[in-house]
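Working notes, beginning with the structure itself.
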Amino acid sequence: MHNFTDPKYLVNSQYRDAANLNARIALHTRFATDAYPWQRWVFDQLALPAGARVLELGSGPGRLWIENADRLPPDWEITLSDLSPGMVAEAQANLATAGRSFQLEQIDAQAIPFPAADFDAVIANHMLYHVPDRTRALAEIRRVLRPGGQLYATTVGQRHMAELADLVRPYSVEMGLGADMAQAQFTVQSGGAELARFFDLIECRVRENTLSVTEIEPLLAYAASGGDLTAAQEPLLRAEVQRRIAADGAERITTETGLFIATKAETGADG
């Protein structure tokens, strides 16, 4: 069974490069009924000072910055990082024509190699549920934030992609997903309690949407991106997806995502 908090699996397989992530992004981009781009929405939530120093953990191929290149303040100092060297390389290639400089690093969020109080903001998008020791990672994030600094962390909710989980459930064990695809531990519902141990003010902004999927291949690609869809399973899943789309005109899938804004107090003891 795949362990989605195992660094070796994440670096060597699931996020060796951006292929699996891109398959998932493509489904959301093409079939979301609310077409306002996710990365634009995330950027909308950032409220940072002039000259902000920003660290992104788990930045993947750098899509947050690619899709908002037209509105990046020129005085921000931005460091992108990922546990996967393949992702760091892809981000570097993708941002080569962004028209500004970024610092790129391979970093484990559990041991951030920067001094205390070094950043105005830390961004962790859809990655904290992959961290084996979130207690250690959150302590590190708090340490490197300046007083008044903020963590911006996106994640999924319990209902996220529930219909897809139902669709794949008959095949999930053989795909290495266990009995259920819903394996995230840091969710919209549970993340606030974890953050409250390290931060002084927590806000969660939830964004709900629906995918209306009218094509078979993108949905199969999404399913295969999370597990090992075998040659025997693929035609069975394909037939079921085809049946559902033919019956209803589309396969409708709920998305539930959220962004936590966790603030470190301006004054008081650190820890």
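The values are calculated or read from the model by the stated rules, or taken from the named source; none is laboratory data. If you're wondering where the values come from, they're calculated on a predicted model, not measured in any experiment. Don't worry about glycine lacking a Cβ; one is built from the backbone with ideal geometry, like all the others, and counts go over all protein chains shown.
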Checklist line | Answer from PHE43, PHE31, PHE114 - the residue that is touching a helix residue (DSSP H, G or I) at 6+ places or on another chain (Cβ under 6 Å) and among the aromatic types (Phe, Trp, Tyr) | finding: PHE114
Margin query: Residue pairs, Cβ under 7 Å, 6 or more apart or interchain, first in segment 1-18 and over 15 Å from GLY60 (Cα atoms) and of a type in the set (A, V, I, L, M), second assigned to a loop (DSSP other than H, G, I, E, B) and modelled with pLDDT of 85 or more. List them.
Written below: none
Next item on the list: Determine which single condition THR257 fails, assuming it passes every other condition in (1) modelled with pLDDT of 90 or more; (2) under 24 Å from ALA124 (Cα atoms); (3) out of contact with any strand residue (DSSP E or B) (no Cβ under 9 Å at 6 or more places or on another chain).
Entry: (3)
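Say whether the condition of being in contact with a Pro (Cβ under 8 Å, 6 or more places away or on another chain) and within 18 Å of TYR152 (Cβ to Cβ) is met by at least one residue in segment 53-76.
The first filter runs over segment 53-76 and keeps only residues in contact with a Pro (Cβ under 8 Å, 6 or more places away or on another chain), leaving 67.
With the extra rule that they be within 18 Å of TYR152 (Cβ to Cβ), the set shrinks to 67.
Taking every residue of segment 53-76 in turn, at least one turns out to be in contact with a Pro (Cβ under 8 Å, 6 or more places away or on another chain) and within 18 Å of TYR152 (Cβ to Cβ).
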Checklist line | Residue tally, condition over 30 Å from LEU195 (Cβ atoms) and out of contact with any Lys or Arg (no Cβ under 8 Å at 6 or more places or on another chain), over segment 216-271 | finding: 29
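Evaluate the following for GLU208: is it in contact with an Asp or Glu (Cβ under 7 Å, 6 or more places away or on another chain) and among the acidic types (Asp, Glu)? Full working, then the answer.
Values: in contact with an Asp or Glu (Cβ under 7 Å, 6 or more places away or on another chain): yes; among the acidic types (Asp, Glu): yes.
For GLU208, the condition - in contact with an Asp or Glu (Cβ under 7 Å, 6 or more places away or on another chain) and among the acidic types (Asp, Glu) - is met.
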